[in-house]
1. Net charge near Phe54, counting Lys/Arg +1 and Asp/Glu -1 over other residues with Cβ under 15 Å of its Cβ?
2. What do you get for Rg/Rh over the chain if you use C-alpha atoms and the Kirkwood form of Rh?
3. Would you list Asp29, Asp43 from the most to the least accessible area, probe 1.4 Å?
4. So how far apart, in nm, are the two label points at Thr39 and Trp62 if each is 7 Å from Cα heading toward Cβ?
5. Rounded to the nearest 10 Å², what accessible area does Met17 show when all protein chains are kept and the probe is 1.4 Å?
6. Starting from the Cα of Leu19, step 7 Å along the direction of its Cβ; do the same at Ile53; then give the gap between the two resulting points in nm.
7. Of Trp12, Trp56, which has the most accessible area with a 1.4 Å probe, and how do the rest follow in descending order?
Amino acid sequence: MEDHINEFKSIWLAPSMILGLSITKLLSDAVTIFRSRHTSKIDYIPVIWAISIFLWQIQYLWGVIELSEMQYRW
């Protein structure tokens, strides 16, 4: 049972790094928007789109982490 977990971690390493970097970028852009709220007008359509992308990424990450517990044979 321990072998499939190691295989799964080696397969899923690159996508998890990409997801981590994109989540970091979205959060740093959110801080930039928050800091510039007094100097410029915020357009809410891109903000809502970024929030939805962030939630989709978290949901996908959570689903793949639970997939390794449900699927025992790769």
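1. Working: positive: Lys25; negative: Asp29.
Overall, the nearby charge balance is 0.
2. Details: Rg = 17.0 Å, Rh = 14.5 Å.
A ratio of 1.18.
3. Working: Asp29 60, Asp43 100 Å².
Output order, biggest surface exposure first: Asp43, Asp29.
4. 3.6
5. 110
6. 1.7
7. Numbers: Trp12 40, Trp56 140 Å².
The most accessible residue leads, giving Trp56, Trp12.
The values are calculated or read from the model by the stated rules, or taken from the named source; none is laboratory data. Treat the numbers as computed from the prediction; the structure is a model and nothing was measured. Backbone-built Cβ (ideal geometry, glycine too); neighbour counts: all protein chains shown. Please note that ligands, DNA and RNA were not included when accessible areas were found on the heavy atoms of the full protein model with its side chains. Shrake-Rupley method; radii C 1.70, N 1.55, O 1.52, S 1.80 Å.
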